[in-house]
Amino acid sequence: MATREITSSDPAKSIAAAPATPNYSRPLAVVTTLFFMWGFLTCLNDILIPHLKSIFELSYARVMLVQFAFFSAYFLFSVPWSKIVNTIGYQRTMVVGLLTMAVGAFLFLPAASVASYPLFLTALIILAAGITGLQVAANPYVVVLGKPETASSRLDLTQAFNSLGTTIAPKIGGLLILSTVPLAMEELAKLTPPALHAYRVQEAATVKMPYTVIGVALVLLAVLIGTFKLPKIETASYRRGEKVNDSICGRVCFLLLGWRHDRTLSRRRASAAVQAWIAARAMRDFCSGAGRCFDAVGRTHSYVDDPRRRVF
């Protein structure tokens with residue numbers, strides 16, 4: 001009888017001792033809002049390009065500096081942000097990235113007040129630097145937030161909301177920013193310098209309200225991310241003086257070789273693979289921005305400019 005009681009109680013003990021699978025649905029939903037936000041802000045550049053071109057009478061080569069400056073931040077700040085992630089962790093890096101984006105959004109206010117194109121480009125670089133920080137922190141965090149077997153599914157799901165932001169941003173931005181018809185080149189040529197400056201300030205003011213709302217939303221989102229109890233994911237830690245093979249080529253090799261069944265190694269390889277993907281995407285976006293600028297230079301010789309044209 002004693003032997004039967006011990007045998008029947010063993011399954012109950014094993015069931016009670018089995019750890020429950022953590023539910024990461026809420027943390028994943030909170031982090032997904034970041035993907036939507038940076039997709040939305042990235043596609044607002046397509047609205048700014050024709051708007052700034054008409055205000056400052058820019059050539060296509062100069063106005064495409066908007067894209068070049070924005071995507072250059074991906075190339076310049078990806079590696080520094082990865083060091084920040086390893087220093088302060090994923091969650092704090094997301095908060096710092098959101099606040100950096102808010103600073104860039106609020107810089108649109110003085111840029112519009114003085115009608116300064118270089119200040120607009122500065123605001124875009126700071127905004128893109130914050131987006132780069134979000135991508136460096138959020139992408140690998142989503143990968144390691146759960147089972148390694150479903151990492152690609154989680155990343156695809158969050159990227160779907162990123163695509164949603166890129167879809168609705170041109171529509172909303174067009175209604176708010178491109179609501180007025182600019183003056184023709186002949187009409188601008190008749191304006192005196194003070195009147196021309198006043199016209200530019202008036203036209204540039206249309207970006208104030210949208211980017212003020214965006215800046216406030218980014219600050220509120222930073223507060224939400226900072227106060228929300230996200231699961232703590234350990235980042236890579238290195239000893240001083242230790243030689244670490246941390247090259248992009250090495251991370252790509254991790255991606256090609258695949259993940260092992262060991263959970264710890266799988267998480268590290270997942271993070272390394274996503275960081276390699278971010279670096280490759282940064283290079284692609286940088287080259288894409290440069291290519292658009294050079295292509296725009298060539299098109300200026302064959303394109304008949306319409307001063308009332310809002311898109312091209």
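Scanning the range 116-136 for residues that are touching a Gly at 6+ places or on another chain (Cβ under 9 Å), of a type in the set (S, T, Y), more than 30 Å from I233 (Cα to Cα) and in a helix (DSSP H, G or I) turns up at least one hit.
Could you say whether any residue in the range 225-243 is at pLDDT 85 or above, closer than 20 Å to V136 by Cα, assigned to a helix (DSSP H, G or I) and among the aliphatic types (A, V, I, L, M)? Scanning the range 225-243, I find at least one residue that is at pLDDT 85 or above, closer than 20 Å to V136 by Cα, assigned to a helix (DSSP H, G or I) and among the aliphatic types (A, V, I, L, M), so the answer is yes.
Here are F77, F56: which of them is on the phi < 0 side of the Ramachandran plot and at pLDDT below 90?
Values: F77 fails: at pLDDT below 90.
Every option except F56 fails the conditions.
One residue stands out in the range 183-216 among those that are of a type in the set (S, T, Y) and at pLDDT 85 or above: the one that is farthest from the chain's Cα centre (by Cα), namely T206.
The values are calculated or read from the model by the stated rules, or taken from the named source; none is laboratory data. The model shown is predicted, which means the values in this text are computed figures rather than measured ones. Glycine also receives a Cβ, built like all others from the backbone with ideal geometry; neighbour counts cover every protein chain displayed.
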